[in-house]
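Written below as structure tokens is the structure these notes are about.
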Amino acid sequence: MKKFYLTTPIYYVNGAPHIGHAYTSIAADVLARWRRLDGFAVFFLTGTDEHGQKVEKAAAEAGLDTQTFTDLVADDFRAMAAAMGVSNDDFIRTTEARHKRACVALWERLVANGAIYLGHYEGWYAVRDEAFYGEDELVKKPDGTRLAPTGAPVEWVREPSYFFRLSAWQEKLLAFYDQNPDFIAPVARRNEVLSFVRGGLADLSVSRTSFTWGIPVPNDPAHVMYVWLDALTNYITAAGFPDEADPRWPFWPADLHIVGKEIVRFHAVYWPAMLMAAGIAPPKRIYSHGWWTVEGEKMSKSLGNVIDPRQLVAEFGLDPLRYFLLREVPFGNDGDFSRRALINRLNGELANDLGNLAQRTLALIARNCDGRRPAIGERLPVDAALLAAASALPGVLGERLARLAFHEALEEVWKIVRAANAYIDHQAPWALRKTDPARMAVVLRVLADALRVIATVLQPFMPGSMARLLDQLAMPASARDLAALAEDLPEGVDLPAPSGIFPRFVAPVG
Ligand code: MSP
């Protein structure tokens, strides 16, 4: 069977989930659902990143013991995933025993291969980014203080540390990127990584001694593992590492790690180097998306504009939110979240274009065809043209989604939705009822068949509403995948009474 392993980043549990986290997870979910629809065995992983100084600090600020705090926030991330309709097959927490075992095993392999040595770290560290920075990377402010390139405060760290021999990997990584031109996408991110690696790689500090909230280094418990080494390992932990007899191990290497643009370096440089140093195959692809601002401003606790995606679901519904996030902005670019833009898409594209098409077609079948699916009958070229364009959608979307071009995939579907609306206007089946009822039935069947394809391919984006639409088209649960589209549907089947799928959003008065 065709396999597909994809992951979201694991989320830091230093604060509550927000729209940025929901975005990464929803995008990954659409791909997971698409692959399942296309007959793949999918392993879709998400979870939480719970160690390190940043989380330890957040727990202390909340006045809670660290484990209790991480339990609470991890539960909230789990609930957020469920509320976003995320169909993950596993949820990993880095505080789980299976993960500690995998980290220890990876560490031991790196030591056995001579890739880790004990030394002394002296340099800058940003807790907010959980990252080390070179002096040359920092931004010096007029008052003399230094900031990380991300704007995070940095502190001077001086402590014994284990190092990963990253410097030995420069040439091998460049050769690897060369042989795997699609390893990092989009291309702007690939170029950033290439120039970073070409600039030379220093060995990476991979343990800390100044706090304890982490996985102890084997045989040297004064050190805990660097949180990024710990976190990246989650992707192999969940595949059963180090137990290669685990039923999930064949899913490794992962087909796709989806990550935000600020964490590409960890995934595209450190991670493949560590894996190759341990004799494990690197992942196949890293795809980086952009960042959302909110009504034109950066999201931040201090501005008080952090959006809980669950509030948006309560107000607009889950599927309109999922649709908006993937339609509004090309994946890979930055974008701005605004209520106005969401409402426009919901009322225009969902309620008007698709909702009305479904409602008009289904209401006419209910009224004029005894509520039964009409026969195919004799089709004219205009009918065949619409259906041919609709039938091409699975192939077209497959190509767009392989490039993570979600917005293009949706635009392709809307071309067919608009064509079907033009078709219904021209054919005017309501007028044919008296003049040519046989032709009316053919037209309504063409529309029902076009809607079937549209609803089938949109399931990954809007699973709840498309399930309702497929119910109204009397599609058996076993015939909702891409392969089933090859079969014609039987005529004469009773369709349930139609009901609207996308209510228009009307702003509450007062
Ligand atoms: N714990 C690390 C990842 C470890 S993966 C081995 C981490 N966590 S995070 O919680 O800070 O971020 C997780 C994801 O959320 C990242 O992909 C990040 O890009 C995404 N987002 C956080 N804020 C965002 C926006 N405002 N907009 C879009 N996505 C953003 O990094």
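For the reader, a short list of remarks on this structure follows.
- Modelled FRET efficiency - R0 35 Å, Asp75 with Leu194, Cβ distances, 0.05 increments: 0.30
- Residues in region 339-486 average 38 Å² of solvent-accessible surface per residue, probe 1.4 Å, ligands and nucleic acids excluded.
- Based on the reciprocal of the average 1/r between different C-alpha atoms, the Kirkwood radius for region 145-198 equals 13.9 Å.
- Annotation: peptides 437-444, 453-460, ranked by per-residue average of other Cβ atoms within 10 Å with the highest first, follow the order 453-460, 437-444.
- Förster radius 51 Å - calculated FRET efficiency between Arg372 and Asp308 (Cβ-Cβ, nearest 0.05): 0.70
- Only Cα pairs under 8 Å and 6+ residues apart enter the sum, and on that basis the relative contact order of the chain stands at 15 percent.
- Formal net charge of residues neighbouring Arg504 (Cβ-Cβ distance under 13 Å; K, R +1; D, E -1): -1
- Mean Cβ neighbour count within 10 Å, used as a protection proxy, ranking 71-80, 271-280, 222-231, 152-161 highest first: 222-231, 271-280, 71-80, 152-161
- Net dipole in debye of region 339-486 [+1 Lys, Arg Cβ; -1 Asp, Glu Cβ; about Cα centre; nearest 20]: 380
- Placing +1 on each Lys and Arg Cβ and -1 on each Asp and Glu Cβ, with no other charges, gives the chain a dipole about its Cα centre of roughly 1080 debye.
- When both bridge partners sit in the chain, DSSP labels roughly 50% of those beta bridges antiparallel.
- Over region 198-272, equivalent-ellipsoid semi-axes from the Cα gyration tensor in Å: 23, 20, 11
- P(r) histogram, all alpha-carbon pairs of region 117-163 included - 10 Å bins from 0, percent: 28, 50, 19, 3
- Each of Phe331, Ala366, Leu303 was placed along the dipole of region 280-384 (beta-carbon charges, centred on the mean Cα), and the one lying farthest toward the positive end is Ala366.
- Region 186-312: proportion of alpha-carbon pairs further apart than 19 angstrom, %: 63
- With eigenvalues of the C-alpha gyration tensor scaled by 5 and rooted, region 433-490, Å: 24, 12, 9
- q = 0.09, 0.11 Å⁻¹, the chain: log10 I(q)/I(0) [Debye, one scatterer per Cα]: -0.70, -0.96
- Multiplying the residue separation of Phe40 and Lys141 by 0.36 nm and subtracting their alpha-carbon distance yields 31.2 nm.
- Ranking Gln459, Ala486, Val382 by how far each Cα lies toward the positive end of the dipole of region 339-486 (charges on Cβ) leaves Gln459 at the top.
- Placing unit charges on the Cβ atoms of the charged side chains and taking the dipole of the chain about its Cα centre, the candidate lying farthest along the positive direction among Leu321, Val157, Trp291 is Leu321.
- Here the gap between Phe211 and Asp425, fully extended at 0.36 nm per residue and compared with their Cα-Cα distance, gives a gain of 70.2 nm.
- Environment charge at Phe241 (Cβ cut-off 11 Å; Lys +1, Arg +1, Asp -1, Glu -1): +1
- Only helices enter the 222 nm calculation for the chain: every DSSP H run of n ≥ 4 contributes -39,500 (n - 2.57), and dividing by all residues gives -13500 deg cm²/dmol, rounded to 500.
- Checking the Cα-Cα distances for Lys172/Lys284; Lys100/Lys261; Lys100/Lys172; Lys3/Lys261 against a 24 Å cut-off, the pairs over it are Lys100/Lys261; Lys100/Lys172; Lys3/Lys261.
- For region 42-83, alpha-carbon Rg and Dmax in angstrom: 11.8, 40
- Kirkwood-based Rg to Rh ratio, region 339-486, C-alpha trace: 0.96
- Dipole check for region 378-431: with +1 at the C-beta of Lys and Arg, -1 at the C-beta of Asp and Glu, and the Cα centre as origin, the magnitude is about 100 Debye.
- For the set Arg445, Arg345, the ranking by accessible area, highest first and with no ligand, DNA or RNA atoms included, is Arg345, Arg445 under a 1.4 Å probe.
- Region 339-486: relative contact order as a whole-number percent, Cα under 8 Å and 6+ apart: 29
The values are calculated or read from the model by the stated rules, or taken from the named source; none is laboratory data. Keep in mind it's a predicted model, so treat the numbers as computed, not measured. Note that we place each Cβ from the backbone using ideal geometry, even for glycine, and neighbour counts take in every protein chain shown. Heavy atoms of the whole protein, side chains included, go into the accessibility calculation; ligands, DNA and RNA do not. Shrake-Rupley method; radii C 1.70, N 1.55, O 1.52, S 1.80 Å.
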